[in-house]
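The values are calculated or read from the model by the stated rules, or taken from the named source; none is laboratory data. Values in this document were obtained by computation on a predicted structure and should not be read as measured data. Quick reminder, even Gly has a Cβ in these numbers, built from the backbone with ideal geometry, and neighbours come from all protein chains shown. Note: accessible area is taken over every heavy atom of the protein model, side chains too, but ligands, DNA and RNA are not part of it. Shrake-Rupley method; radii C 1.70, N 1.55, O 1.52, S 1.80 Å.
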Amino acid sequence: MLQSIMGQTRRALDDFNMINNGDKIGIGLSGGKDSLTLLYSLYYLRKFYPKKFDIMAITIHPGSETFKTDKLMALCKELDIEYIVYHSDIAQVVFDIRKEKNPCSLCANMRRGMLNSIAIEHGCNKIALGHHSDDVMETLLMSLFLNGKIYTFSPVTYLSRSDITVIRPLIYVSEKDIRALSREKNFPVMGKCCPYDGFTKREYMKDLIKDLKTDIPKVRENIFGAIKRSDIPGWKTEKNDDKHD
C-alpha cells in the first residue's frame, strides 16, 4: 500500500510542481492517520526524488491534557526527522474563553497561524498538509451547500503575508487507502481529543458521498474530475489529466 500511495503522492508533486530543489518543508503532524501518511510518504520519496529537499515535522499542541506527543516524538527520532512541538492554549481559548458553539473554524485558523510562524522560524519555505482526495471533495460540497460557492482548496497555495507556500501532496490519495496503510504499518495514531470529532458538517458530507456511491458507483471520480476540469484556482495542470485513482 505504501508504494501505491507514494506513487500517487509523486504524481501530485509533479502535476502541480509542489517541490523545488533546496526546499525545506514543514510537515503539519497532527497525530492523525493523514499526517502520518504524509510524513512517511515524503520521508521515503526524499530518498530518490529528483529534486532535493529537507523535511521537518511540527505539531501544534492544543493544550488539552489528553493530547500526548510521546509516540510521535519517538517515531520522528526513529526516522531521524527534526521534530518541534509547540504548546498552545487553543483548547482554553476556543472552549473556555470563547465558548464557541462551532469551534472548528477558529481552531483551524489558530493552528494554521501558529504552524506558519513555527515553520518560518525554523527556516521552512513550504508547509505540507495531509489533506487527501476525500477532503477535497467534502470541502467542495460544504462550500456549495453551505456558502453557495463552487470552491475547494488548491493543491498549492502561496501565502503572501508570510511568504510561505502550502502544499498538499496527498490530494490524489483516498482516505480508504490511508486507513489501510495506517493499519498495515500500525501507525501511532493519536486518539480523538476534540469533543466535536465526528459531529461536524465535514462528517455529514463524508456520509453523503458514501451514500451516493451506493447508487452512483463513480460519484467520487466524477466529483474529482469535475474539480480538475473546473476554473477553481490552482487545479489546472499542463497534462490536463482527469484520471483519478
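Where the alpha-carbon atoms of the stretch 109-165 are placed on the principal axes, they occupy 38, 20, 18 Å, in descending order.
Taking all protein chains into account, the per residue accessible area for the chain stands at 54 Å² (1.4 Å probe). Cα-based values for the stretch 20-121, radius of gyration first and Dmax second, are 15.1, 48 Å. Antiparallel beta bridges, as assigned by DSSP with both residues in the chain, represent about 20 percent of the total such bridges.
Contact order for the stretch 43-163, expressed relative to its length and based on alpha carbon pairs under 8 Å spaced 6+ residues apart, stands at 18 percent.
Here the chain exposes an accessible surface that is 50 percent carbon and sulfur, computed with a 1.4 Å probe and the other protein chains kept in place. With a cut-off of 8 Å between alpha carbons and a minimum separation of six or more residues, what is the relative contact order of the chain in percent? Computed over the chain, the figure is 24 percent. Based on the reciprocal of the average 1/r between different C-alpha atoms, the Kirkwood radius for the stretch 1-46 equals 11.2 Å. Label-to-label distance for residue 226 and residue 49 is 3.1 nm, based on points extended 7 Å past Cα in the beta-carbon direction. Here the Karplus curve 6.51 cos²θ - 1.76 cosθ + 1.60, taken at θ = phi - 60°, turns the phi angles of the stretch 149-156 into couplings of 10, 8, 7, 8, 5, 8, x, 10 Hz, with x standing for Gly and Pro. Peptide packing for 209-217, 84-92 was compared via the average number of neighbouring C-beta atoms within 10 Å per residue; ordered from the highest value, the list is 84-92, 209-217. A protection proxy built from the mean count of other Cβ atoms within 10 Å ranks the segments 167-180, 218-231, most packed first, as 167-180, 218-231. Rg over Rh for the chain works out to 0.94, using Cα positions for both radii and the Kirkwood form for Rh.
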